[in-house]
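FYI, it's all coordinate maths here, none of it is from the lab. Given the structure is predicted, the values throughout are model-derived calculations rather than measurements. All Cβ positions, glycine included, derive from the backbone under ideal geometry; neighbour counts span all protein chains shown.
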Amino acid sequence: MASSPNSTQPNLPGRKVLVVDDDRLNLRILSGILRPEGYVIAEAGTGERALELVAEFKPNLVLLDVMMPGIDGFETCRRIKATYGEQSPPVIFITAKNESDDVVAGLGAGGVDYLPKPFKPKEVIARIRSHLQNQILSEQQQLLVAQLSNANAAKNRFMGMAAHDLRNPLASIRGLSEFLRDGAVGPLTPDQLDLVETIHSASQSMLEMLNELLDVAAIEAGDLKLNLQPINLGELAAGCVAMINMEAAKKRTHVELQAPSPAVVLSLDAAKMKQVVDNLLSNAVKFSPPGSQIRVIVQAGPAEGMCSFSVRDQGPGIPDGERDKLFKDFSRLSSKPTAGEKSTGLGLAICRKIVEAHHGAISAGNLAGGGCEFRVTLPASR
C-alpha cells in the first residue's frame, strides 16, 4: 500500500498562529484560509496588542503586518526578538509592498519571510507550512540532543562509579604482588617471581586505565576544576623527568631536560599539568627504540606572552593521514610501542582537555631527522 505524500511530514494541526493586521478584512481572510488547515488562530490589530498576545497565546508563528498605527511591524518584530531571543516564534511579514528595501528591512528586524497582498491561499498555506515544519524539525532535533546529552551523562556516571569501585581491589592486588615480589612471605622460585611480576604489571596497567577512565568521566561531566598557583614550569618538568628516567633506564633510554634561565613561572594546576608532562614523557619512552635520547625543552616565547614546553623523541613519528586521530578519545595510531607497552588511547585526549582548560594549546609534528615533537603552549599570564 502506497504511503501518503504527507505521511512523513511533521503534524501541523493544532499549531498556533498569531495574525497581526490593522485591517479587519485581512484578518478575516487569513483566518479563513488557516482555520480549515487545523491551525489555532489569534488576532491582533496593533503591534502593542501583538506583544501582549505573544506572551499570553504563545504562538508557534506570527503573521505580522508592516504598516500599522502605533509601533509598526518592524519594531514589533524587533521587540519580540529582544524579549524571547532564540525562543521567539518565526515572523512572516504581510505587506502590500514588495520593494527590495522593505524585504531587507524585514529580514534585518528578524523576520524569516514575506507574504504579499493580495493573499493567494495556496501560497499562504505553503509558506506557513514550510516554516512550521522547519520549527517542528528543530524542536525534534533539540529534544534528541537533550536525550543524547542525558544518556551521555548517565554513561559518564556509570563509568565513573564502575572505575572507582574497581580501583580499590586492583590497588590491593598490586600491593599484595609487591609484598610477594619483595619477599615479605619468604623467598620465591624464579617461576613464582615471574608470575608475581606478571600480576603486578597487569594490575598496574589496569589501574592506569581506570584512572584515565575516571579522568575522562570527570572532564566530560564538567568536573575539571583547576587549582591555579604560581608554578615554576622548569622545576615541575624536572621532577617528571627524574621519575621517568627510572622507567626509561629499563630500555637504556635517557631523558634530558633543557630549562630556561630565568625560570618560567606560570599560573597552573600543578597536579594536572604534571599529568600532561608525565603522559607525554611516557609516550616518548614507549614509542622510542631502546637506547634513545629524549629531550624536554622548556622555554619562554617565541610569541610574546606565551611559554611552552616540548618533548622530542626518536620514535617512528606520526604516520601519514593519522594526525587528526592524535587527541581524540580512544584513538590509537598504527605505530606500536617498542616494548609492547599498553595504551588506552585516552592519554593524549586528556592532555588536550587539561591544556585547553589552562587556555593553552597542544600540537604535534614530525621532526626532520626522525621522531616527533609534542609541544604545549601556555599563556604567561591571565
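For Rg and Dmax of the Cα atoms in Å, one of (1) 23.5, 85; (2) 32.4, 103; (3) 20.6, 63 was computed from the structure I shared and the rest are decoys. Which label?
For Rg and Dmax of the Cα atoms in Å, the calculated option is (2).
Where nothing but the Cβ of Lys and Arg (+1) and of Asp and Glu (-1) is charged, how large is the charge dipole of the chain around its Cα centre, in debye to the nearest 20?
Dipole about the Cα centre, nearest 20: 440 debye.
Rounded to the nearest 5, what is the percent of antiparallel bridges among the DSSP beta bridges in the chain?
Here the share of antiparallel DSSP bridges comes out near 50 percent.
Relative to the longest principal Cα axis of the chain, at what angle does helix 73-84 sit, 0 to 90 degrees, rounded to 10?
Approximately 40 degrees, to the nearest ten.
Give the residues of the stretch 29-65 whose amide nitrogen is closer than 19 Å to a point set 7 Å from the Cα of residue 88 in the direction of its Cβ.
Counting backbone N atoms under 19 Å from the label point, the list is 44, 46-65.
For Cα pairs less than 8 Å apart in space and 6+ apart in sequence, what is the mean separation divided by the residue count of the chain, i.e. the relative contact order in percent?
Reported as a whole number, the value is 10 percent.
So, by mean Cβ neighbours within 10 angstrom, what's the order for 33-46, 357-370, 194-207 with the highest one leading?
33-46, 194-207, 357-370
Taking the Cβ of residue 127 as the centre, find all other residues whose Cβ is under 15 Å away and add up their charges (Lys, Arg: +1; Asp, Glu: -1).
With Lys, Arg at +1 and Asp, Glu at -1, the neighbours total +2.
Please give the peptides 268-281, 174-187, 48-61 ranked by average Cβ packing (other Cβ atoms within 10 Å per residue), highest first, as a rough proxy for protection.
Order by mean packing, descending: 268-281, 48-61, 174-187.
Along the charge dipole of the stretch 229-379, Cβ charges K/R +1 and D/E -1, which of 293, 239, 249 sits furthest on the positive end?
Final value for the positive-end residue is 249.
So how tilted is helix 24-34 from the main axis of the chain? Cα-based, degrees 0 to 90, rounded to 10.
Between the helix axis and the principal axis of the chain, the angle is about 60 degrees.
Sum up the charges of everything whose Cβ sits under 14 Å from the Cβ of residue 196, counting Lys and Arg as +1 and Asp and Glu as -1, but leave residue 196 out.
-3
Please say if the stretch 155-220 is rounded, prolate or oblate, where rounded means a/c under 1.5 for a ≥ b ≥ c the square roots of the C-alpha gyration tensor eigenvalues, and otherwise the choice is prolate for a/b larger than b/c and oblate otherwise?
Working: a/c = 4.40, a/b = 3.16, b/c = 1.39.
Prolate, because a/c is 1.5 or more and a/b exceeds b/c.
Tell me the angle of helix 47-57 to the major Cα principal axis of the chain, expressed in degrees between 0 and 90 and rounded to the nearest ten.
Orientation of helix 47-57: about 60 degrees from the principal axis.
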